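Here's the structure we're looking at; comments come further down.
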Amino acid sequence: MKAGIARQVDIWLRAPLRRSLGRDRAPDFPWVALALAGAVLVTAVATGVFVHELSPVLAGRGSFGWPALRAGRWWTLGTSFLLTRNWFMAATMPVCLFLAIWLYERRAGHVRAFWAATAGHVTGSAIVAVGAGAVGWSGQPILVRAAQNMDYGASMSIAAALGALASRTGDRRFRILVFTVAVLALPLHHQMADWGHIVAVPTGYAVDRVRRLRPSLALFAVLAAVTVVLTSFGPAAVDATADTLRFGDTGASATSPPGEPHGTVTGLTYEAGLLEHRPETAQVYLPPAAAGPRPVIVFLHDLPGTSDDWLAGASAPEHLDAAARANALPWTVAAFPSYDGFVDPSAGWLDAPGQRTLASVVHDLVPALARQFPGRVDPSTIAVVGVGRGADGALALPHDAHSVRDVVALDPTTASSAKSGRCAALLERSAGGGWDRWRAELPSALRWLGSQGFGAPAHAAGAPT
């Protein structure tokens, strides 16, 4: 009985696989399969992953996912195809890529094989990256980290080639097998990028179903247009939805009257030398053009969270505008750092072995501000504002940087008596709360900084407050 069932299962699996080895076209050299697989293999050798894992610098700069999409690094769609993480991926990915595309290429030809692989990789990667960004609003640490740590590699093209091959063979069992494997990869491999295979398989299937070349090109154009729309407007749409879900309607909390002077917010990408030279990002608030360098306020968000929490959750730029226009606080530069890759999440913003996150704020971020905006930043005058886990970092930062004199700590999670000894001025409040209360308290915190002389010439020179 068992032998009979095993024989039937063997027949059921082997028949569609044997049929997939058939050939509809004359024998030809697998140019597409060899070129794509060879490119991945050459990149693996060049990056040294057969000896050691891919360096954080290359992984951060070249991988595609939600952080790259938000930073506008759409070109990483190409580099992420080539990158592999370690020797195992470098050895298996080119082989699987070659076999999948070769089987389809020998049935459908070079052009269609190339477009199936390309459409699957681009469309699957872009849709998953946009969709993954939506899970960040939940606030659950595992989901936030998953959205920020997208995988990379050519697996989307492999899935698309198998989907196209399932269409070309016309075998129902092979089609079920391919789609089942794509779905089972989710619970078995449990990587966020595996959701892309569910997109890439039907994408390859659809590319093959359009038999004529001109309709095929039209389909490719549609897929390209959808991808462009997602990469252009998807991040903003997901951010807006997530901000509404997390913070509610914050539009009325602070506004800049028309015609009044106001600052602008721009992005900053810099190399964090204390964090293995990996690329990091921050949002930067720049006051209206004014003579002389301006002091810096660093805002540390709670964990899990991002720099956008301060922008959307606390309306920080509008409150900075209002404080400066009311002469309650000088016009200042504000930096909102957002670190994606905590080696030790339990340490939060505090420095830990292999994770000098807090020191990097002063020694990497602030100098990068001065270089990026010459003549507009005074790196010797720094205040820090933190909430929750960010407040822990704010209280500890003066011990690592003599230029940090003023600290605002809202709802720190640890005792601060031993940490704030060198602060010239400290405002600490612990009453429990979240962004509703923090948003309400930010204007008074900024006025308090102004009352301590932050940004005044005497204060900048180091006089006591």
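The values are calculated or read from the model by the stated rules, or taken from the named source; none is laboratory data. From a predicted model like this one, the values you see are computed outputs, not experimental measurements. A quick note on method: Cβ atoms are made from the backbone with ideal geometry, for glycine too, and the neighbour counts reach across all protein chains shown.
Looking at Gly432, Gly453, which is the one that is at pLDDT below 70 and among the small types (Gly, Ala, Ser)?
Gly432
Looking for something out of contact with any His (no Cβ under 6 Å at 6 or more places or on another chain), surrounded by fewer than 23 Cβ atoms within 10 Å (Cβ to Cβ), assigned by TED's automatic domain parsing to the domain that holds Pro330 and modelled with pLDDT of 80 or more - is there at least one such residue anywhere in segment 402-411? No, there is no match, as no residue in segment 402-411 is out of contact with any His (no Cβ under 6 Å at 6 or more places or on another chain), surrounded by fewer than 23 Cβ atoms within 10 Å (Cβ to Cβ), assigned by TED's automatic domain parsing to the domain that holds Pro330 and modelled with pLDDT of 80 or more. Pairs meeting the criteria (first residue in segment 191-207 and more than 10 Å from Phe179 (Cβ to Cβ) and not assigned by TED's automatic domain parsing to the domain that holds Ser167, second residue at pLDDT 90 or above and of a type in the set (Val, Ile, Thr), beta carbons under 7 Å, at least 6 apart or on different chains) are lacking. Residue pairs whose Cβ atoms lie under 6 Å apart, separated by 6 or more positions or on different chains, with the first residue in segment 438-454 and assigned by TED's automatic domain parsing to the domain that holds Asp411 and the second surrounded by fewer than 18 Cβ atoms within 10 Å (Cβ to Cβ) and assigned to a helix (DSSP H, G or I), do not occur.
Considering Ala440, Ala415, Ala368, the condition of being more than 27 Å from the chain's Cα centre (by Cα) and either at pLDDT 75 or above or aromatic (Phe, Trp, Tyr) (or both) is satisfied by Ala440 alone. The listed residues are Thr250, Thr244, and the only one of them that is at pLDDT below 70 and part of a loop (DSSP other than H, G, I, E, B) turns out to be Thr250. Quick one: count up the residues across segment 128-156 that are more than 14 Å from the chain's Cα centre (by Cα) and either crowded, with 24+ Cβ neighbours inside 10 Å or at pLDDT 70 or above (or both). Of the residues in segment 128-156, 4 are more than 14 Å from the chain's Cα centre (by Cα) and either crowded, with 24+ Cβ neighbours inside 10 Å or at pLDDT 70 or above (or both). Taking the condition in contact (Cβ under 8 Å) with a residue 24 or more places away in the chain, closer than 26 Å to Gly163 by Cβ and surrounded by fewer than 19 Cβ atoms within 10 Å (Cβ to Cβ), does Arg85 pass? Answer is yes for this residue.
In summary, helices (runs of 4 or more DSSP H) completely within segment 58-136 and bearing 1 or more residues that are among the polar types (S, T, N, Q) occur at 76-82, 87-108, 110-133.
Right, Ala35: in a helix (DSSP H, G or I) and closer than 28 Å to Pro279 by Cα or not?
Taking the combined requirement at face value, the residue does not satisfy it.
Residues in segment 264-280 that are under 18 Å from the mean Cα position of the chain (by Cα), surrounded by fewer than 21 Cβ atoms within 10 Å (Cβ to Cβ) and closer than 20 Å to Thr306 by Cβ: Thr266, Gly267, Leu268, Thr269, Tyr270, Glu271, Arg278, Pro279.
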